[in-house]
């Protein structure tokens, strides 16, 4: 018996409410998580997040703190962190509660999207699959996963506004870009909608002229965004590419990503074995055709054939497959190397397309075997919910995270490297040195385990090992900032001041936004009573940072040591002016 309009409306409201409740309940235990993994550097220890001025300063700074040098631009997410921490003064539980609420909101938007091509029952099944999908645990349970959640929400809102030919799509698109650079995929999704689905039935203005103007506005937003990136990253790296891509050719990248295709399919269909890092030794660089590459190519071709075959007969399938590929394109490593080979969090928005395909399959089977669908869906969703619930505490605290990661992923060099960094911070240098050694054995190309290994060796007063490791690191990356700065400090401690000066200057050249190399250089120069080199370095740094109170104070101290008290007083006056300017900027 067909449903009346009122009944359908009631069921729609039930579907929306139940999806939100399911999403919240599945991740309720995330509220017990702390600041883990990237949360530590981006939220907990980030100076930008601890002051109210970060609300606007986030728009002129990279996403990663500048000392990390990892780049990326996600000012809206940083501003939200600032609001939570510096304005509301709330703890980690609040960050996780917001993430869970955002996930529930995205699930409702996914349901609305699936309703465009599917019945409400099939749309609900596909959206429930999305809500409970274990591959989303990293995006929801980790604080910095908010990038994925916010970008996905704004892309979906922009998509709906575009379908309805509303100008608000321009705003939502801009907010998506400000949340994560992958928000650019909205342009491809908008074109996909216009080619395959067309406008919404209630859209008021459908003229070709209006559509052209809309796309010009989108391109205008993208152009402004590109201009902002060029200004913010004028002297900085925009993204730190994955170490797997070091010295890799485009063909190597393509072969490796074909090997990743079966892994993605496994994660979507049977997300039992989940990993934090898909780094070397978990997924190694592929340089020849292997069985995994052949399987990946076969799956890729099969999905493309299915998309073409379904273009007219089953638009939901074609749309879902195309959505996945468009949304995944920024991290596909096809046109350019990205910061990851594979990361479960990056599948959050692409899996919306998989949810649509899952809903279409459910709709087809529902008509013939409704009871079988009910039984299978109940079992599948229960399994997904249990896996997500048990996976969420992985990010409970830093120590638990590291222990679990090393025990579950002993082949991951990054897991051992992360433990090495933690041990150095806790002054447990012997364990740190061992973990860095394991990391280097698993993957010898990354400079990090060499630098941190040297740091641990210095903690053990083993300067011979520290020198050897830093020499190896410089051989691998002659311009690496961290290596140059650490080597400079080592040379200064050994009394080899001339070498320390040269290394510190090279470190500053590598990262002119950091003042630590200038401090190292001037300390070494003053130890030699070489005021000429110290003054030259300070003048160079002041030309780059004219309002830096710290630099003016350092210059004043050097001038006072030299006996030039009048010049020292002038520098102290400038230091006070710089402090006032800094306070104003904050």
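Annotations for the structure displayed:
- Qualifying residue in the stretch 170-186 (condition: more than 24 Å from residue 226 (Cα to Cα) and assigned by TED's automatic domain parsing to the domain that holds residue 37): no
- As for the stretch 442-452, it holds no residue that is surrounded by fewer than 16 Cβ atoms within 10 Å (Cβ to Cβ), touching a helix residue (DSSP H, G or I) at 6+ places or on another chain (Cβ under 6 Å), without any contact (Cβ under 8 Å) to a residue 60 or more places away in the chain and not assigned by TED's automatic domain parsing to the domain that holds residue 285.
- Among the candidates 130, 83, residue that is touching a helix residue (DSSP H, G or I) at 6+ places or on another chain (Cβ under 7 Å) and either surrounded by fewer than 24 Cβ atoms within 10 Å (Cβ to Cβ) or at pLDDT below 95 (or both): 83
- Test: residue in the stretch 300-310 that is under 27 Å from the mean Cα position of the chain (by Cα), closer than 29 Å to residue 30 by Cα and at pLDDT 95 or above: no
- Number of positions in the stretch 284-329 that are outside any helix (DSSP H, G or I) and crowded, with 21+ Cβ neighbours inside 10 Å: 1
- Flag for residue 274 being modelled with pLDDT of 95 or more and closer than 30 Å to residue 404 by Cβ: no
- Answer residue from the stretch 238-272, given it is out of contact with any helix residue (DSSP H, G or I) (no Cβ under 8 Å at 6 or more places or on another chain) and assigned to a loop (DSSP other than H, G, I, E, B) and is farthest from residue 359 (Cα to Cα) among those: 247
- Residue count for the stretch 366-379, restricted to those that are surrounded by 14 or more Cβ atoms within 10 Å (Cβ to Cβ) and at pLDDT below 90: 2.
- Residue that is modelled with the lowest pLDDT, among those in the stretch 1-49 that are outside any helix (DSSP H, G or I), touching a helix residue (DSSP H, G or I) at 6+ places or on another chain (Cβ under 9 Å) and assigned by TED's automatic domain parsing to the domain that holds residue 133: 37
- Only listed residue being within 26 Å of residue 422 (Cβ to Cβ) and assigned to a helix (DSSP H, G or I), chosen from 380, 402: 402
The values are calculated or read from the model by the stated rules, or taken from the named source; none is laboratory data. Being a predicted model, the structure only gives us computed values, none of them experimental. Every residue, glycine among them, receives a Cβ derived from its backbone with ideal geometry; neighbour counts consider all protein chains shown.
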